[in-house]
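The values are calculated or read from the model by the stated rules, or taken from the named source; none is laboratory data. Owing to the predicted nature of the structure, the values given are computational and were not obtained by experimental measurement. Cβ placement follows ideal geometry from the backbone for every residue including glycine, while neighbour counts extend to all protein chains displayed. Keep in mind that these areas ignore ligands, DNA and RNA; they rest on the heavy atoms of the full protein, side chains included. Shrake-Rupley method; radii C 1.70, N 1.55, O 1.52, S 1.80 Å.
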Amino acid sequence: RTKPKFKAKGEISPKGLLFSDLILSDNNFVMSGSSYVLLNKNDDVFDSVNLFFDIKNDHGKEAIKIEGSLTNPLKKKIGTDLIKNDCYFSVVADIKSFPMDFFLSGQAKDNTISAVINGSGTFENPYLSLSVPNVSMTFAGSPLIASCNTSLLEGDLKIDSLACKWGNFSVDDFSASADLNNFQGSADFVLNASILENYIKRKNIVIVDSSL
């Protein structure tokens, strides 16, 4: 596993943080960029906070960009209930070709993850989505490749698509949904397996409906 290093140079003011020089590095890459967190007040009442984070490898494909905000449209005094129910957030994170050996040991140099995360709404009732067009890693000595698209809205978790391949096994056409409020859900997928040169293919082998 690599030994990552993070360096930041910037300034702090009553309005927030400004980092003009960010460096994230390990044995295989160096990513650099800038970031800021700005706090806005109106008559000493919290109005909004804005986040920006952008680093990339100028000599490679690795990049991370995050933009987000938290607003107080009702201009209420800050408190736990306000942040939970009345503040609105918005965030977009775009991760490109980030090396998996940053997180896990025993990974090849071409094992990477790319993903886009979107979020908005209130913390009490958020909308979240995750798109992973490609993730590759080494698992139990064999390469694993996967992709997925999933979302969460008003307690409904949906996996619109998921596919993965590991060794002689692959999962295709996976879709699922779950109501996190009532603990009910269903799943549907195709499993392919090659064992001792015998090919097994079963469709819709798991359909789950459960309730508590």
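Shape index of region 1-102: Rg/Rh, with Rg the Cα radius of gyration and Rh the Kirkwood radius from the inverse mean 1/r over Cα pairs, equals 1.08.
Our summary of shape: the Cα atoms of region 58-137 have principal axis extents of 50, 24, 20 Å, ordered from largest down, in whole angstrom. At a probe radius of 1.4 angstrom, the accessible area of region 33-80 per residue rounds to 66 square angstrom.
Which aspartates and glutamates, if any, have their Cα less than 16 Å from the Cα of LYS77, not counting same-chain residues under 8 positions apart? Once the sequence-local aspartates and glutamates are set aside, what remains near LYS77 is ASP43, ASP44, ASP47, ASP86. Its relative contact order, with pairs defined as Cα atoms under 8 Å and 6+ residues apart, puts region 8-67 at 25 percent.
Pairs from the table (LYS3/LYS96; LYS9/LYS75; LYS5/LYS84; LYS61/LYS109; LYS15/LYS61) lying more than 24 angstrom apart at Cα are LYS9/LYS75; LYS5/LYS84; LYS15/LYS61. Per residue, the accessible area of region 105-195 comes to 56 Å², computed with a 1.4 Å probe over protein heavy atoms only. Couplings for region 85-91, taken from phi via the Karplus curve 6.51 cos²θ - 1.76 cosθ + 1.60 with θ = phi - 60°, read 10, 10, 7, 10, 10, 8, 8 Hz in order; Gly and Pro are left as x. About its Cα centre, region 68-153 has a charge dipole of approximately 260 debye under the convention of +1 per Lys or Arg Cβ and -1 per Asp or Glu Cβ, with nothing else charged. Go through PRO126, HIS59, ASN192 and say which Cα lies farthest out towards the positive end of the charge dipole of the chain; charges sit on Cβ, +1 for Lys and Arg, -1 for Asp and Glu. With unit charges placed on the Cβ atoms, the residue in question is HIS59.
For the chain, with all protein chains in place and a probe radius of 1.4 Å, 56% of the accessible heavy-atom surface sits on carbon or sulfur.
Exposed loop sites were defined as GluC sites (Glu not before Pro) in DSSP loop states (anything but H, G, I, E or B) carrying at most 14 other C-beta atoms within 10 Å; in the chain the longest segment without such a site runs 1-123. Binning the C-alpha pair distances of region 92-195 at 5 Å intervals from 0 yields a P(r) profile of 3, 12, 17, 18, 18, 16, 10, 5, 1, 0 %, listed from the shortest bin outward. Between the labelled values (1) 114; (2) 148; (3) 158, the entry that holds volume of the Cα convex hull per residue in Å³ as derived from this structure is (2).
Stretch VAL92-ALA163 to full length: gain in nm at 0.36 nm per residue minus the Cα-Cα span? Walk me through the numbers before you get to the answer.
Values: separation 71, 0.36 × 71 = 25.56 nm, distance 2.36 nm.
Working it through step by step, the gained length comes to 23.2 nm.
Pick out, in residue order, every one of the trypsin sites (Lys or Arg not before Pro) in region 95-169 that is DSSP loop and has at most 11 other C-beta atoms within 10 Å; say none if there are none. Don't jump to the answer; show the numbers that get you there.
Numbers: sites: LYS96, LYS109, LYS158, LYS165; in loops: LYS109.
Here the sparse-neighbourhood loop sites are LYS109.
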